[in-house]
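Structure first, commentary second.
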């Protein structure tokens, strides 16, 4: 049996159905115009959905525009549910993607809205969609800068890129902490956490170890979450820049944003013909 007739090649979504191959290229590939447009559109909707959730937590806005914001959130959730299903359909090994980091994040991004039917206030946790913004690295090919091991010390431009990457992750953490504290403390009497923006303010002050003390949790669970945020803040500050530089040295080879049609893994060499994770043909 030739390589082209191997069972692995026959199970590829491209071999099973041409439309699955085209769908995979649209959703997972950022190197094509259609794929890049899809990712840009996805990022825009993620940002809009986060804004909807944040402003919906402000009492004055919720009283006047609550119904419209509620409808918008369900529209976003419906679109993300379809997108998640299409991602699974176009892969040869959908379970592997479902259990991957991106797959879990995509699933968690839609669950809070459905849970809000049974648990009041859980829709505020929709800000976890901020984690999906890591896809922006593929769109603008920031992975290219991972090959520049000494760029942090010799190029301001490369330094700026890495600062942006760091701030994106910190922002995602702050959004999640602020929303979580609003869910935990928002229903207690005389609470300081009257909205998600106020929770985000508290998270910024806490994670950066500034600690003004003007907004403080009152419940045991809230104080536990605050302790985690404080320790997390110290961990972020204490990470040696040398560790990051060593990690950059490990990625000196040129990589692409091409995703495997079987397992959806990225990070392949520019001249790779087969996936280095599962062996499927790229």
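The values are calculated or read from the model by the stated rules, or taken from the named source; none is laboratory data. Owing to the predicted nature of the structure, the values given are computational and were not obtained by experimental measurement. With ideal geometry, Cβ positions are generated from the backbone for all residues, glycine too; neighbour counts draw on all protein chains shown.
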Checking the conditions here, which among 91, 86 is buried (at least 19 other Cβ atoms within 10 Å of the Cβ) and in contact (Cβ under 8 Å) with a residue 40 or more places away in the chain? 91
Among the residues in the stretch 32-50, are any outside any helix (DSSP H, G or I) and either buried (at least 19 other Cβ atoms within 10 Å of the Cβ) or modelled with pLDDT of 80 or more (or both)? no
Residue pairs, Cβ under 6 Å, 6 or more apart or interchain, first in the stretch 220-241 and assigned by TED's automatic domain parsing to the domain that holds residue 188 and assigned to a loop (DSSP other than H, G, I, E, B), second modelled with pLDDT of 85 or more and surrounded by 10 or more Cβ atoms within 10 Å (Cβ to Cβ). List them. none
Which of the residues spanning the stretch 205-223 are surrounded by 12 or more Cβ atoms within 10 Å (Cβ to Cβ), more than 16 Å from residue 171 (Cα to Cα) and out of contact with any helix residue (DSSP H, G or I) (no Cβ under 9 Å at 6 or more places or on another chain)? 223
